[in-house]
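A short worksheet on the structure shown next.
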Amino acid sequence: MMDTDNKRDIMDLSGSPEVPQENQPKADVERPTVSPQEGGYFLNKFLEQDKKEDAASEDAAPKNGGTPPASKDELEARIVEALREIYDPEIPVNIYEMGLIYGVDIDDDWNVKITMTLTTPHCPVAESMPGEVELKVNGVAGVNGTEVSLVWEPAWDMSNMSDEARLELGLL
C-alpha cells in the first residue's frame with residue numbers, strides 16, 4: 001500500500017498576492033443568500049415573478065385568448081379541430097380520425113374531460129401523447145381546464161377508424 005498523504009495536490013495559498021481591487025466584491029451590492037431552510041431562494045423568486053406575470057395577463061385577456069364559445073357544441077367543435085392537428089407518429093393520420101378519442105365531455109364551468117386510448121399499450125408515445133392532447137385542448141379558446149384519461153377498455157381496433165383514415169391508409 002502506498003502512502004499518499006505526502007503526494008497530495010494541495011494548493012498553497014500562503015504568500016500569494018492579494019486579490020486585485022477590481023475583483024473584490026462590491027460592498028454596496030445586495031446579494032441574496034440561500035440558507036438550508038429556504039433552500040430555493042432563486043426558484044422562489046422566479047416563481048413569484050411568474051405568478052405576478054400570470055395575474056397581470058389574466059386581468060388583460062380572457063383565458064386562452066379569442067372569443068368564448070356560445071355553446072358546448074361550439075366548444076366541442078373547436079376541440080375536435082385541435083385534436084385533428086395531433087398525428088400518430090407512426091401512422092400519417094390524426095388521432096381523431098384514427099378513433100383514438102373515445103369522448104369529449106364538457107362541464108358547466110367549461111372544463112373538458114377527454115377519454116382516449118392508443119393503438120396498443122406498448123405504443124412508443126404512451127407517455128407523451130396524453131400530455132400533448134392536454135396541452136392542445138388547453139390552448140383552445142374557452143377551455144378552463146383539461147383532464148385526459150387514457151383507457152385500454154374497450155381496446156382500439158381498426159373498426160374505430162373513420163372512412164377518411166382508412167382511405168388515407170389504403171384500407172378502402
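Just so it is clear, none of the values below were taken in a lab; they were calculated from the coordinates. Since the model is a prediction, treat every value here as computed from it, not as a measurement. Backbone-built Cβ (ideal geometry, glycine too); neighbour counts: all protein chains shown.
Using beta carbons and a limit of 6 Å, which pairs, at least six apart or on different chains, have the first residue in the range 91-115 and farther than 13 Å from Thr146 by Cα and the second one in a loop (DSSP other than H, G, I, E, B) and among the hydroxyl-bearing types (Ser, Thr, Tyr)?
From the range 91-115, the pairs are Glu97/Ser162; Leu100/Thr117.
What's the total number of residues in the range 108-135 that are touching a Gly at 6+ places or on another chain (Cβ under 9 Å), closer than 19 Å to Pro154 by Cα and not aliphatic (A, V, I, L, M)?
3
When residues of the range 123-166 are filtered for being part of a loop (DSSP other than H, G, I, E, B), more than 18 Å from Glu90 (Cβ to Cβ) and β-branched (Val, Ile, Thr), how many remain?
3
Would the range 84-94 turn up any residue that is assigned to a helix (DSSP H, G or I), crowded, with 16+ Cβ neighbours inside 10 Å and of a type outside the set (Lys, Arg)?
no
Would you check which residues across the range 106-122 are part of a loop (DSSP other than H, G, I, E, B), under 21 Å from the mean Cα position of the chain (by Cα) and within 23 Å of Met161 (Cα to Cα) and list them?
Result: Thr117, Leu118.
All but one of (1) under 16 Å from the mean Cα position of the chain (by Cα); (2) among the basic types (Lys, Arg); (3) within 21 Å of Ser162 (Cα to Cα) hold for Lys136, so report the exception by its number.
With (1) under 16 Å from the mean Cα position of the chain (by Cα); (2) among the basic types (Lys, Arg); (3) within 21 Å of Ser162 (Cα to Cα) applied to Lys136, the lone miss is (3).
Test of understanding: among Ala141, Ala165, Ala155, which residue is among the aliphatic types (A, V, I, L, M), over 18 Å from Ala77 (Cα atoms) and touching a Ser or Thr at 6+ places or on another chain (Cβ under 8 Å)?
After applying the criteria, what remains is Ala155.
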